[in-house]
1. How much accessible area per residue does the stretch B:34-77 have, in Å², with a 1.4 Å probe?
2. Suppose every K and R has +1 on its Cβ and every D and E has -1 on its Cβ; what is the size of the dipole of the protein assembly as shown about the Cα centre, in Debye to the nearest 20?
3. Between B:D439 and B:Q318, with labels modelled 7 Å along Cα→Cβ, what's the label distance in nm to one decimal, could you check?
4. Just how far, in whole angstrom, is the stretch B:214-273 from the stretch B:7-42 if you go by their alpha carbon centroids?
5. How long are the semi-axes of the equivalent ellipsoid of the stretch B:377-462, defined as square roots of 5 times the Cα gyration tensor eigenvalues? Whole Å, largest first.
6. Just how far, in whole angstrom, is the stretch B:110-125 from the stretch B:44-104 if you go by their alpha carbon centroids?
7. Whole-Hz ³J(HN,Hα) for each residue in the stretch B:49-64, computed from phi via Karplus 6.51 cos²θ - 1.76 cosθ + 1.60 with θ = phi - 60°, x for glycine and proline: what do you get?
8. If you take each beta carbon of peptide B:450-461 and count the beta carbons of other chains within 10 angstrom, what is the mean?
Amino acid sequence: MKELIEFINNNLQIVYIIILAIFVGIEVIKSIPAVLHTPLMSGANALSGVVIVGAILVMLHSNPTDYLALGLGFTAVVLGVLNVVGGFAVTNRMLEMFKKKK
Amino acid sequence: MSVILSIIYLIATVTFIVGLKKLGHPDTAKSGNLIAATGMGLAIIGTIFIHDLQVPTIIYVLIGIAIVIGSIIGWLIAIKVEMTKMPELVSLFNGFGGASAALIGIVEFGNSDIKTTSATIVATILSAIVIGAITFSGSLIAWGKLNGSVKSVVKIPQYNIINNLVIIAIIAASTYLVAGSIDNPIFLYAILTAGLLYGILFVLPIGGADMPVVISLLNSLTGIAAAITGVLYGNMVMLVGGILVGSAGIILTVAMCKAMNRTLFSVIFGSFTASEGPEGTNKALGSIKSTTSSDAAIMMNYATNVIIVPGYGLAVAQAQHVIHELEELLVSKGVNVKYAIHPVAGRMPGHMNVLLAESNVDYDLLAEMEDINPQFNNADVVLVVGANDVVNPAAHNDPSSPIYGMPILDVENAKHIVVNKRSMKAGYAGIENELFYNDKTSMLFGDAKKMITELVAEIKNM
């Protein structure tokens, strides 16, 4: 418990950011028409691919002889990129259709 | 961390917020998506090149290869996938994101000296692994259930108790590991396995109709996993990006639950029970009347107002193009045609809009549930194509029905109802629909594409 309080104290900025970001997320999404729910979900899904940044950091920090860490990091990058590229591309494809008959 | 990288992350974070905001309006959605994608690209490139680490070339090569492989596969899937498969795709991609987070956690666990690392950091690593694992296996099960390779509802006796035991075991093992600074990898793999197991057990018993809610929830969880890894690295773009997806996902999940009049709690803990009544009970509902395409064509040709209710069956039969042809033909004959779109028509919210947009249906003809429901009174003919649960009157008048209370399209108020279905098989929720036994209802049995093509041909000849 003491550790937790210490952690919060040392990372007060992060705690603030988390709380504010939660509210931004809620406000941004509120009152979105049902028409756009599917593209929105797939767009948000692409955004969660931001873990790719962490996967790249893992690889940058790993020792070239540490095959296990490197292999896991490599897989993490592939999966993360898949999530990002596939997610944005398919969202774009869907929204393209909406645009056509405007 | 260099100032330039910090600024890049800051820009990326802003693009995420602006992008999400713009995704919420039909006119700006496309640019919103591109803005967020650009920000993501910046963050990725910045992370790779801006740092003061001594990184051997081979690592750069490996990162490059990984990115190329992931991009090509992701791109190919995205341009090849059929729009009907959208929900499967979202859950599949989502699972990849979760797996990525779990893998990062595993590597970081191996890299840190557990004995000296702060307990909070170890707890953070473990939660990234657990949440990542849950979203990974859960999303794969959701994907399998949606594409039919995992057969519908698997009933595990007392699954609630088993589920809770698994989650308690995960928490207990994690606490033990954190508190005792245990660096035995066996514990880590046990926790990882339990996380994967929980994902499977959690999604497996959830009924078909609740699947969109589950996908949205898992989506939100991936965001949270990303945010946790962000805390681990003190990385703002991951932190804010993850939290945004997490909180937006929860809001979307709750909105969907509302559309189906279910609480999140009942989706997760009370699985949909399909009524497995004996054959005989069906007869009590009355008799069904089947019709032919020429009779249905005459009815529609001489109608003033026709409302089309498209469901997932329409998409499965790839009939979204012929239905547009039918609608154009009727309009050219002076009939008022509208589409009534239930918020959860298809397999995820807004899915039907995407499908109809794909076949160029005019946006103005798509009416949302609240707007169209009062108009069913004036409708001469309602054509229900491959929809079932969203037009089931049991939601209004049968308190024992699992879908009781779900807002539905009030098609039974129309003068005539034509229902196109392949057979009398129950809908995705697995429950009987008394609408089919209504005196005003005629059933047009057959494949949606074939039957609607016939309707078009008949009407053309009139």
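1. Working: 2340 Å² over 44 residues.
That works out to 53 Å² for each residue.
2. On the way: 31 positive and 36 negative charges, 83 e Å.
Rounded to the nearest 20 debye, it is 400 debye.
3. For the pair B:D439/B:Q318, the computed spacing is 4.2 nm.
4. 19 Å
5. Values: eigenvalues 124, 45, 17 Å².
Working from the Cα gyration tensor, I get semi-axes of 25, 15, 9 Å.
6. Using only Cα atoms to place each centre, the spacing works out to 27 Å.
7. Per-residue couplings from phi come out as 9, 9, 6, 10, 8, 8, 10, x, 3, 4, 5, 4, 4, 4, 4, x Hz.
8. Details: counts 0, 0, 0, 0, 0, 0, 0, 0, 0, 0, 0, 0.
Mean partner shielding for this stretch: 0.
The values are calculated or read from the model by the stated rules, or taken from the named source; none is laboratory data. Quantities reported herein were computed from a predicted structural model and do not represent experimental measurements. Glycine gets a Cβ as well: all are built from the backbone with ideal geometry, and neighbour counts include every protein chain shown. The accessibility values were calculated without ligands, DNA or RNA, using every heavy atom of the protein model including side chains. Shrake-Rupley method; radii C 1.70, N 1.55, O 1.52, S 1.80 Å.
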